[in-house]
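Here the structure comes first, spelled out in structure tokens, and everything after it is commentary.
The values are calculated or read from the model by the stated rules, or taken from the named source; none is laboratory data. The shown structure was predicted, so the numbers you read here are calculated from the model rather than taken from an experiment. Using ideal geometry, Cβ is built from the backbone for each residue, glycine included, and neighbour counts are taken over all protein chains shown.
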Amino acid sequence: MKIVLVLLSVIYSSIAFSKTQGTIVFVHGAWGGGWDYQALGDRLTKKGYQVYRPTLTGLGERVHLSHPGINLDTHILDIINLIKVEGLKDIILVGHSYGGMVITGVADKLPERISHLLYVDAILPEDGESMFSLISVEEVALYRQLAANNKGQEWTIPPFWPDWGKDVPHPIATFEQTISLTNKAKSIPSSYLLTIEPNQSDDDFLMFAQRAKQRNWQYYELKTGHNVHRTMPDEYVAIIEQLK
């Protein structure tokens, strides 16, 4: 009898624990892939979260699918299809860097499936804006030149740092296409996490953090580099656990 009671206690405790956790979908940035979120995802899984870390078309392990027709809509549809096919709901949808463009489009299409949006050092676009319209003219020129020089794959921007690691060339049309929004995601609770690198005078994402503040979003800062999921995973997890 005691054994039965103990087993029932464990079962009910497990059910109660699972109900307190959430479903998280991480959308990576340009040149990257879902592989970059394995360590962070493992931490959250151990805490009872259901974690998805998809790779966008033409990137990561899906680089063999790269072609000139990949644009922002393609990547938005990647995440929409994941959510629909897996039957996900009450999602914490997280976008890093370029991933902010993607989650903005997803939230506008499936607002009823999302419980919270988290932008992590991410682009926060408004209707009619594109990645290229939101960065400097000099950066746009650099990216276009890199693509033009990428013989045989002129539709992609190759990484331009010394050690690519697992990063791969990114489809340029995703930066060119403007986003079309209907404001359906306005009521979704949202947060912004800005990373502040020591001794860095110019921050490309500060303007998006300001947009978030103007919308009265929850706001967080961490003193670290752009890839906070690598450099401060524990602090990142702590912020996710605070989301309301």
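Odds and ends about this structure:
- Residues that are assigned to a helix (DSSP H, G or I), under 14 Å from residue 116 (Cβ atoms) and of a type outside the set (Asp, Glu) within segment 233-244 comprise 239, 240, 242, listed in sequence order.
- If the condition is being part of a loop (DSSP other than H, G, I, E, B) and aromatic (Phe, Trp, Tyr), then segment 27-41 contributes only 31.
- Scope segment 33-42; condition more than 28 Å from residue 155 (Cα to Cα) and surrounded by fewer than 17 Cβ atoms within 10 Å (Cβ to Cβ); matching residues: 38, 39, 42
- In segment 15-32, the qualifying residues are those that are among the hydroxyl-bearing types (Ser, Thr, Tyr) and surrounded by fewer than 18 Cβ atoms within 10 Å (Cβ to Cβ), and the one that is modelled with the lowest pLDDT is 18.
- Among the residues of segment 59-111, those identified as under 26 Å from residue 154 (Cβ atoms), more than 16 Å from the chain's Cα centre (by Cα) and not β-branched (Val, Ile, Thr) are 61, 62, 64, 65, 66, 67, 68, 69, 71.
- Every residue from segment 210-232 that is touching a residue at least 24 places away in the same chain (Cβ under 8 Å) and under 22 Å from residue 115 (Cβ atoms): 211, 212, 215, 217, 218, 219, 220, 228, 229
- The set of residues from segment 155-202 being within 18 Å of residue 74 (Cα to Cα) and β-branched (Val, Ile, Thr) comprises 156, 157, 168, 172, 174, 178, 179.
- Comparison of 92, 79 shows that the only residue that is within 20 Å of residue 192 (Cβ to Cβ) and in contact (Cβ under 8 Å) with a residue 60 or more places away in the chain is 92.
- A search for C-beta distances below 6 Å between a residue of segment 34-55 that is in contact (Cβ under 8 Å) with a residue 24 or more places away in the chain and more than 23 Å from residue 76 (Cβ to Cβ) and any residue that is among the hydrophobic types (A, V, I, L, M, F, W, C) and loosely packed, with under 13 Cβ neighbours inside 10 Å, counting only pairs 6+ apart in sequence or on different chains, returns 48/17.
- Any chance residue 182 is in contact with a Ser or Thr (Cβ under 6 Å, 6 or more places away or on another chain) and within 22 Å of residue 126 (Cα to Cα): no
- Selection status of residue 186, touching a residue at least 40 places away in the same chain (Cβ under 8 Å) and among the charged types (D, E, K, R): no
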